[in-house]
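Take a look at the structure set out below.
The values are calculated or read from the model by the stated rules, or taken from the named source; none is laboratory data. Quick caveat, the model's predicted, so the values are computed rather than measured. Every residue, glycine as well, gets a Cβ built from its backbone with ideal geometry; the counts of neighbours run over all protein chains shown.
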Amino acid sequence: MKHTNLFIKFIALVIGLLIVGSAQAVKFDGLVRMEGWANLTNIHGNHITDMATARGLDIFTETDPVTFVETEFTVTGAFDDFDTRLDVGDKGTYEDFIFNPFIPPILPSTWWDGGNLRGGFHLDTLDIVLQSASHLILEGTGHLTILGYSTTDAKWSLSTDASKYDPGTGLYAFKSATWTVPEPTSIALMGLGLLGLGFRKFVKK
């Protein structure tokens, strides 16, 4: 019983410290999906059509005829914290970039200014998951900087393929997404829960 009480006090102390730490830094949580158009480019930024040899993306800019605001993507899905601050159809900007070689950071790679959300995603690392004559899939990691929240680690993806090519404009339709990753506090609390279950079984024995 003495060991059990000590263990419970230890767990309570650790959880208390984790909760205090997390309360001091409110993290953003969620996933957002976006769609837009882009030209493939070579290393010099010139437009090309060969997906297999592309080195970068020149994101197509759309100008609103009334407000003259320039945007590069449309939100097609928003979940969790994104859902409370963005609506499907909201617009944002997307920075042109070279993905091979990738020189970080791109600041910002995406920037939302719709609904109640002001902030963006900064791309720090990038991997070419697939690049061929018909498909291009990129993934990366970075961080979200959202007004009113602490900096939050996140992941990013972008994909397009040959079926998305518009020969009239030379543009490829792309899909992109940004989503947050579990914070160390959440992982630690889950680990403590599993540890507690294991200790309970040990005591019963």
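A quick yes/no check of all residues on (1) out of contact with any strand residue (DSSP E or B) (no Cβ under 7 Å at 6 or more places or on another chain); (2) more than 19 Å from N39 (Cβ to Cβ); (3) surrounded by fewer than 17 Cβ atoms within 10 Å (Cβ to Cβ):
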residue: L86; (1), (2), (3): no, yes, no
residue: F99; (1), (2), (3): no, no, no
residue: P108; (1), (2), (3): no, yes, no
residue: Y149; (1), (2), (3): no, yes, yes
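Going by what's in this entry, would L158 be described as without any contact (Cβ under 8 Å) to a residue 12 or more places away in the chain, among the aliphatic types (A, V, I, L, M) and part of a strand (DSSP E or B)? Please lay out each step first, then the result.
Numbers: without any contact (Cβ under 8 Å) to a residue 12 or more places away in the chain: no; among the aliphatic types (A, V, I, L, M): yes; part of a strand (DSSP E or B): yes.
Here the answer is no, as L158 does not meet what is asked.
For the range 82-102, check the following and say yes or no: at least one residue is of a type in the set (F, W, Y) and closer than 18 Å to F28 by Cα.
Yes.
Give the number of residues within the range 115-135 that are under 19 Å from P101 (Cα atoms) and part of a strand (DSSP E or B).
Qualifying residue count, the range 115-135: 11.
Hey, does the range 3-18 have a residue that's more than 17 Å from L158 (Cα to Cα) and either at pLDDT 90 or above or in contact with a strand residue (DSSP E or B) (Cβ under 9 Å, 6 or more places away or on another chain) (or both)?
No, there is no match, as no residue in the range 3-18 is more than 17 Å from L158 (Cα to Cα) and either at pLDDT 90 or above or in contact with a strand residue (DSSP E or B) (Cβ under 9 Å, 6 or more places away or on another chain) (or both).
Could you list, in sequence order, the residues of the range 81-112 that are part of a loop (DSSP other than H, G, I, E, B), of a type outside the set (G, A, S) and more than 16 Å from the chain's Cα centre (by Cα)?
Narrowing the range 81-112 to residues part of a loop (DSSP other than H, G, I, E, B): 86-90, 95-96, 99-105.
From what's left, of a type outside the set (G, A, S): 86-88, 90, 95-96, 99-105.
Once the filter is applied, which keeps residues that are part of a loop (DSSP other than H, G, I, E, B), of a type outside the set (G, A, S) and more than 16 Å from the chain's Cα centre (by Cα), the range 81-112 yields D87, V88, D90, D96, F99, N100, P101, F102, I103.
If I filter the range 36-80 down to residues being among the small types (G, A, S) and over 17 Å from the mean Cα position of the chain (by Cα), which single residue comes out as nearest to R118 (Cα to Cα)?
A38
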